[in-house]
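The values are calculated or read from the model by the stated rules, or taken from the named source; none is laboratory data. Not measured: the values here are computed from a predicted model. Don't worry about glycine lacking a Cβ; one is built from the backbone with ideal geometry, like all the others, and counts go over all protein chains shown. Accessible surface is based on the protein model in full, side chains and every heavy atom, while ligands, DNA and RNA are left aside. Shrake-Rupley method; radii C 1.70, N 1.55, O 1.52, S 1.80 Å.
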Amino acid sequence: MTEPSLVEVQRAFSRICLDATPAEADLALLHGPRERWLLYRRMVRSRLFGMVRSGLPRTVATVGEARLDAAMRAYLAERGVTSRYIRDCVQELAAHALPTWSADPALPPHLADLVRYEATKWQVGSLEWVEPAPVVEPFDFEGVPVHNPTVRAVEVRFRVDRDDARRDEPVAEPHRVLLYRRPRDARVFGYALDARASALYDAWCVPERTFADGARAVLAARGAAPEPTFVDALAGLLADLVERAIIVGSRR
Amino acid sequence: MNTRVEGVGLGLRHDLARELLERRPDEVRWLEIHPENYVARGGRFELNLEEARAHWPIVTHGLTCGVGTASPFEPSYTRELRELLEAVGAPFHSEHLCFGGVDDTFLHDLLPLPFNREAVRTAAARARELRDAIERPLAIENISYYADPLDPGGWTEPDFLLEVLDAADAALLLDVNNVYVNSLNHGFDPRAYIDRIPRERVVQIHVAGHFTGKDGVIIDTHGEPVCEGVYDLLGYTIARLGPVPVLLERDQNVPPLDDLLAEVRRLSAIYERGVAAFEAERAA
């Protein structure tokens, strides 16, 4: 019998590790006791499970071990890990499992929000820091916003971003969460925006538009004059965004 | 700051990084990192590496460019890898004699190669490609393996390893724990294995702990303290090879830093005794 080529061996080995059920033909292709190849299968899968548990702890607690196991089996068999960075399997699994979990009537309605929130939070923790443009001092409302490059927005229907025991209650409260990494200690935080704050933030994300022009654009879109409540809300929002380093400053 | 990679080092692992960087213990002479944890990544890992570089020499040890991989490595990754190695001033880079994926799927484990001529050719070609891409010396590490994918046909593990090193003209990262684990799982004399290693090829040594499964298979987990057998084999190895830097690997079940430092001190004592024996032998 002709000896299999190296790539045939590696493909059979890979299928043994990733298929939902290892094929006898693949096990037969490899020399030695099948228990040893199944040991490799357990080792490969155990490492990936561990990474997903680290990245999606509340999701895993919500869906339970059986659904996680089914989702991992499907993900590994149908797609497998496509990134050389093992940390990326968290987002890959989340994206693969989300349609199935979202369609599962036994799971709570906030589950989809939770998956996207945790997967994005995991991603933000590792994003490369692309050095933003230099800011000028003092902060200038007539300047252009300089953004923290790690900010990612997640639209949610439920308050999965809350920091208290109520975060897993399925209470509908549609809003947007900005997930960002604080530069000084690399910790990841969330900041919730209501509709008005969200409109202002979007206006300040338009390239080359100043803070002042962004605020004017929001007012114009609403057909409203700058009432004191709007000005107070704008000032509070801006102070929060700068203090949290979601916006790191202004430039000319 | 110590600038030379010598004596005993420790892996900069996330679980112990904060305490290690705050205490900066003298007994740890250098640090090893896995580039995959730092390439294309910011955040805590980046901050920790910046801090570590200010105090220790850094050595890099890859996890996903096993040189037995059938397909070539993507140039975009090897370019970023080269930039990282340049940034940390890595004197050389090491990868494993294994494969870790096929057809653009990554298994994120160190999977064994058949001990045959085709695997030698492939490993040597990949090793040369990688060395050229990163523009610095490459060391290849012997792995723990639990079975040979094809009938060995007369080749032993050191036969295969030495063939690859010669064909690739690569250095060796000698994992003493892996030699020990393989000697128990496959029934050979670990000292005879060490005796076959050409001294001039060895640039670094790894030691670690392992775990014995219910079926008696010994698994290289990096999750247990170093055992007496590995300490003994390390002493033998250093006495034969001389002052090769030694890294304590601990990636799972990471204990308090003081426990690891106690292991580092014991390793350092073995290292010093081994070097003294090596020099006495040379002087004789």
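Determine, yes or no, whether A:LEU76 is closer than 19 Å to B:PHE99 by Cα and part of a helix (DSSP H, G or I). Let's see the steps before the verdict.
On the way: closer than 19 Å to B:PHE99 by Cα: yes; part of a helix (DSSP H, G or I): yes.
Spelling it out, A:LEU76 is indeed closer than 19 Å to B:PHE99 by Cα and part of a helix (DSSP H, G or I).
Among the helices (runs of 4 or more DSSP H) lying completely within region A:1-66, list those that include at least 2 residues that are among the hydroxyl-bearing types (Ser, Thr, Tyr) and in contact (Cβ under 8 Å) with a residue 24 or more places away in the chain. Full working, then the answer.
Working: elements: A:6-18, A:24-29, A:34-55.
Here the list reads A:34-55.
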When residues of region B:46-59 are limited to those that are out of contact with any strand residue (DSSP E or B) (no Cβ under 6 Å at 6 or more places or on another chain) and among the aliphatic types (A, V, I, L, M), the one surrounded by the most Cβ atoms within 10 Å (Cβ to Cβ): B:LEU49
Count of region B:208-218 residues which are modelled with pLDDT of 90 or more and surrounded by fewer than 17 Cβ atoms within 10 Å (Cβ to Cβ): 2
Selection within region B:1-30 - open to solvent by 20 Å² or more (accessible area, probe 1.4 Å), of a type outside the set (Val, Ile, Thr), more than 20 Å from A:GLU128 (Cα to Cα) and part of a loop (DSSP other than H, G, I, E, B): B:MET1, B:ASN2, B:ARG4, B:GLU6, B:ARG24, B:ASP26, B:GLU27, B:ARG29
All helices (runs of 4 or more DSSP H) inside region B:41-135 with 2 or more residues being farther than 27 Å from A:PRO149 by Cβ: B:117-134
Within region A:38-50, considering residues that are within 8 Å of chain B (Cβ to nearest Cβ) and open to solvent by 10 Å² or more (accessible area, probe 1.4 Å), the one farthest from the chain's Cα centre (by Cα): A:LEU39
Test set (1) without any contact (Cβ under 8 Å) to a residue 24 or more places away in the chain; (2) touching a Phe, Trp or Tyr at 6+ places or on another chain (Cβ under 6 Å) - B:THR105 fails condition number: (2)
Residue in region A:27-37 that is at negative phi, within 33 Å of the chain's Cα centre (by Cα), within 14 Å of chain B (Cβ to nearest Cβ) and open to solvent by 20 Å² or more (accessible area, probe 1.4 Å) present: no
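Going through B:ARG196, B:ARG201, B:ARG131 one at a time, which residue ends up being at pLDDT 95 or above, under 19 Å from B:THR69 (Cβ atoms) and away from chain A (no Cβ under 14 Å)?
Working: B:ARG196 fails: under 19 Å from B:THR69 (Cβ atoms); B:ARG201 fails: under 19 Å from B:THR69 (Cβ atoms).
Checking each option against the conditions leaves just B:ARG131.
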Residues (surrounded by fewer than 22 Cβ atoms within 10 Å (Cβ to Cβ) and in contact with a Pro (Cβ under 8 Å, 6 or more places away or on another chain)) located in region B:175-207: B:SER183, B:ARG196, B:ILE197, B:VAL203
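Please find, within region B:31-45, the residue that is surrounded by the most Cβ atoms within 10 Å (Cβ to Cβ) out of those that are within 12 Å of chain A (Cβ to nearest Cβ) and either aliphatic (A, V, I, L, M) or under 22 Å from the mean Cα position of the chain (by Cα) (or both). Reasoning before the result, please.
The initial filter retains those residues of region B:31-45 that are within 12 Å of chain A (Cβ to nearest Cβ), namely B:34-45.
Checking which are either aliphatic (A, V, I, L, M) or under 22 Å from the mean Cα position of the chain (by Cα) (or both) leaves us with B:34-40, B:45.
On the way: B:HIS34: 18, B:PRO35: 24, B:GLU36: 22, B:ASN37: 19, B:TYR38: 20, B:VAL39: 19, B:ALA40: 16, B:PHE45: 21.
Step by step, filter region B:31-45, then rank; the result is B:PRO35.
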